[in-house]
Amino acid sequence: HVQLVESGGGLVQPGGSLRLSCAASGSIFSIYAMGWYRQAPGKQRELVAAITSGGSRNYADSVKGRFTISRDNAKNTVHLQMNSLKPEDTAVYYCKSFSKTEDYWGQGTQVTVSS
């Protein structure tokens with residue numbers, strides 16, 4: 001079993017920045033990739049960014065050049081640096097871990113971009 005705890009959400013003005021963190025604990029040896037997803041009201045949950053244990057990254061087109069995913073293996077933590085935030089980035093952001101046997105979700109953290 002894997003436990004994921006997100007932090008770092010909040011209210012920010014358009015053009016601002018936030019850094020989300022996801023701390024993993026439990027059976028972390030089984031994780032081969034981690035990702036950030038988001039879900040806005042009335043919309044489906046979508047992949048924002050993902051990173052593999054080897055360091056390969058992929059991003060949604062809507063966040064390329066603005067968001068950066070990174071991982072701190074020593075702290076079992078994945079970060080999402082979000083710059084140049086737009087109102088359309090407003091959503092609940094979820095961390096997800098991928099393993100061969102089961103995937104796990106965090107509880108989510110709210111990001112609101114508004115003036």
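The values are calculated or read from the model by the stated rules, or taken from the named source; none is laboratory data. What you see is a predicted model; the values in this text were computed from it and never measured. Note: ideal-geometry Cβ built from the backbone for every residue, glycine included; neighbour counts use all protein chains shown. These accessible areas exclude ligands, DNA and RNA; they are computed on the full protein's heavy atoms, side chains included. Shrake-Rupley method; radii C 1.70, N 1.55, O 1.52, S 1.80 Å.
Please list, in order, the residues from segment 87-115 whose amide nitrogen is less than 19 Å from a point placed 7 Å along the Cα→Cβ vector of ARG45. Output list for this probe position: 89-112. Simple point charges give the picture: +1 on the Cβ of Lys and Arg, -1 on the Cβ of Asp and Glu, and for the chain a dipole about the Cα centre of about 160 debye.
In the context of the full set of protein chains, residues of the chain present 53 Å² of accessible surface per residue (probe radius 1.4 Å, heavy atoms only). For SER56 and LYS75, the difference between the fully extended length at 0.36 nm per residue and the C-alpha to C-alpha distance is 5.0 nm. For segment 1-69, the share of accessible area belonging to carbon and sulfur comes to 51 percent (1.4 Å probe, ligands and nucleic acids excluded). Per residue, the convex hull spanned by the Cα atoms of segment 57-115 amounts to 113 cubic angstrom. Full extension of the chain segment joining SER99 with SER27 gains 24.9 nm, where the gain is 0.36 nm per residue of separation less the Cα-Cα distance.
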